[in-house]
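A quick write-up on the structure given underneath.
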Amino acid sequence: MKILIKRTGVALLTIAVAAFITFIVVQNVPGDPIYEWAMELVQTSGLDFETAYKVAAQMYGYDPNEPLIHRLAVYVKRLLRGNLGYSMIYRASVNEIIAKALPWTAFVVSISLLLSFSLGVVLGTVIAWKRRSFLDPVVTGYASFTAATPDYVTAMLLLLFFAINLKWFPTRGAYDVGLTPGFNLRFIGNVLHHAALPILSFTLEAVGGWALAMKGSAVSVLGEDYIMAAKARGLKDRRIVVSYLARNSILPLITGLAISFGGMFGGSILIETIFNYPGMGWFFSQALTRKDYGMMQGLFLLTIAATIIANLLADLIYARLDPRVRLER
Amino acid sequence: MRTFLSNKRALVGAFILLFYFLMATVGPFVVPLEEEQHPEQAFRPPSWDHPLGTDYLGRDVLAQIVHGSRDVLFVAFLAALFAIAIAVSVGILSGLKGGFVDQVLMTLTNVMLTIPHLPVMMIFAAVFRVRDPFSFASILAFWMWAGLARAVRSQVLSLREREFIQAAQLLKLGTAHIVFKEILPNVMPYAAINFVSMMRGAIVSSVAIMFLGLAPFSATNWGMMLNMATIQTGAIYIPRALSYVLSPLLAIMLLQLGGYFFAHGLEEIFNPRLRAHE
């Protein structure tokens, strides 16, 4: 229980550090972003400059003329109320943008994770069980190949060949513009068609790593006495592999699952940009390239929080699954 | 050396890295970068004059790849150097001092490890408007040292209990002597092996940041080439320009493979436990 409180404390600290970093970074933006915005407001809505500046500062969430401590207090108060800020380029609150973007990223990332994890686990178990099969060098070689190639290179090659040259897949969007979202076969098919290449790039990149991790874990489990005992009892191979080998070897991979979930959010910045897929990563790269500091800050904080919570959950789940690890030291 | 030559992966990796090293050092003199623009010769497929075709302004792609390798490797080299310097200092300080200093430093290290690196690096690059290789490398290094620092710390913790350190302590040789003459020589080989992996990481991140156009200080950097080819000029949609888009992609891929093979080969050589599995 004590260790649980400590872990949660460290997690909260990390989120606080991330919030502080983004605050400091955005405070030190060269130039005055509010000034530019206020000038625009003066031209578009006919306000006088003083009022326009106040309106812009309020939307942006801070007034650069106030002392730093005061601004920090305002920022923290705003965050605690669940307000992640305001986007300059979309003229909308970051919360609204996240509500639109997060489902797409969560959809792509979770399907990719599910596919690559289950495929990797199966492959890893097979090559650990049947050593010296032709599969082992193939999977190992593939895994080192994907470990060496950055995910965005894979994504760009997929885009280049399957979307642009062969025209099998669309190059942008989450679904066709003319389609109205709804729960029907046509819409779901269209969504899958658009998500196929992003999912494929994540999966191709991750599956080798999972297979190797599973192989490593399964090889050490194979040396355990209970496997020998199961063999001596004359259990069927299938039963030994599924109930004894695979079930015990998956455990150490669970922590990796959460960590890679966080990593995929980071990776989605490039992959979604490459496929013009309107998820969190795409909006984040828009914020970066168009210098929309409010959106940058908000999306980043949410990503960090999601990663850290995933890490915390992984630790807790792992402790529950494996009685030997009781989160104590 | 014999083990090195007999390790095929390390050897192949070393050859690839040597190739890139020559390309980055000698290459720019062999293949000059032409500044002239020939818009009428844009997006030419590979030919004798332009082995990798031409870009959107009719300039030679091969020359850009060669000059780009220098930029990419230079930034990665600096970043790895900075990151290892931070990691070794933090690791030794934390391992030797122990107590409160250790706790603070390790909490910081854990926080750094949990925060996803690429988004933070991108924010820093975007906000601070990076315009030169040194500040770019510093931003990269600032988010790269945490893992190695933790490993160095645990090395120092075990070294601290060894006889030669305790002898030095008994002889009252002073902290500076223990750090620089006793601990550092034992930690450095380990850090050196990590150098290639660090550079690999720095290349992936730096090219990604360049690809988004967040650090536009070098027009020939592979990331900038990709940015130009995909986001700015749409060359990716022009079938004739295939070699222009593919060249930087394959250049990154081959370099990464070389670095990966080399680093893993070295690990196999220096870690006999890995060899036993073969």
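Odds and ends about this structure:
- For the stretch A:50-57, backbone phi angles converted through the Karplus equation (6.51, -1.76, 1.60; θ = phi - 60°) give residue-by-residue couplings of 4, 5, 4, 5, 5, 4, 4, 5 Hz, Gly and Pro being listed as x.
- About its Cα centre, chain A has a charge dipole of approximately 1640 debye under the convention of +1 per Lys or Arg Cβ and -1 per Asp or Glu Cβ, with nothing else charged.
- The stretch A:258-322 and the stretch B:225-267 have Cα centres spaced 25 Å apart.
- Which of A:17, A:89, A:116, positive extreme of dipole for the stretch A:1-146 (C-beta unit charges): A:116
- Exposed loop positions in chain A were taken to be GluC sites (Glu not before Pro) whose DSSP state is not H, G, I, E or B and which have at most 16 other beta-carbon atoms within 10 angstrom. Between these positions, the longest stretch is A:1-223.
- Value at 222 nm in deg cm²/dmol, rounded to 500, when DSSP H runs of n ≥ 4 in chain A each add -39,500 (n - 2.57): -24500 deg cm²/dmol
- Magnitude of the charge dipole for the protein assembly as shown, about its Cα centre and with charges confined to Cβ atoms of Lys, Arg (+1) and Asp, Glu (-1), is about 2480 debye.
- Computed over chain A with a Gaussian network model linking Cα atoms closer than 10 Å, the most mobile of A:29, A:219, A:109 is A:29.
- Computed over neighbours whose Cβ is under 11 Å from that of residue B:93, the net charge equals +1, Lys and Arg +1, Asp and Glu -1.
- Mean partner shielding of peptide B:252-262, defined as the number of other chain Cβ atoms within 10 Å of each residue Cβ, is 3.
- Tilt relative to chain A, helix A:94-129 - C-alpha long axis, 0 to 90 degrees, to 10: 10 degrees
- Solvent-accessible area per residue for chain B (1.4 angstrom probe, square angstrom): 47 Å²
- Accessible surface of the protein assembly as shown, 1.4 Å probe, proportion on carbon and sulfur as whole %: 66 percent
- Partner lysines for residue B:181 [C-alpha distance under 20 Å; skip if fewer than 8 residues away on the same chain]: B:97, B:172
- Cut-off under 5 Å, modelled amide H: who pairs with residue A:92 long-range: A:87
- Relative packing of peptides A:15-26, B:118-129 - highest average C-beta neighbours within 10 Å first: B:118-129, A:15-26
- The mean number of Cβ atoms from other chains found within 10 Å of a Cβ in peptide A:295-304 is 2, as a whole number.
- Per-peptide packing, taken as the mean over residues of other Cβ atoms within 10 Å, places A:305-314, B:160-169 in the sequence A:305-314, B:160-169 from highest down.
- Förster radius 60 Å - calculated FRET efficiency between residue B:34 and residue A:233 (Cβ-Cβ, nearest 0.05): 0.20
- The trypsin sites (Lys or Arg not before Pro) of the stretch A:33-139 that meet both conditions, a loop assignment by DSSP and at most 13 other Cβ atoms within 10 Å of the site Cβ, are A:81, A:91, A:130, A:131, A:132.
- Number of partner chain Cβ atoms within 10 Å, mean per residue of A:9-19: 3
- Pairwise burial A:B, computed as accessible area of each alone minus the pair, summed, 1.4 Å, Å²: 3800 Å²
- A Förster radius of 60 Å combined with the Cβ-Cβ distance from residue B:113 to residue B:48 puts the calculated FRET efficiency at roughly 0.75.
- Heavy-atom accessible area per residue - the stretch A:93-205, 1.4 Å, Å²: 50 Å²
The values are calculated or read from the model by the stated rules, or taken from the named source; none is laboratory data. As the structure is a prediction and not an experimental result, all values here were calculated from the model. Methodologically, a virtual Cβ is constructed for each residue, glycine included, from the backbone with ideal geometry; neighbour enumeration extends over all protein chains shown. In case anyone asks, the SASA skips ligands and DNA or RNA and just uses the protein heavy atoms, side chains included. Shrake-Rupley method; radii C 1.70, N 1.55, O 1.52, S 1.80 Å.
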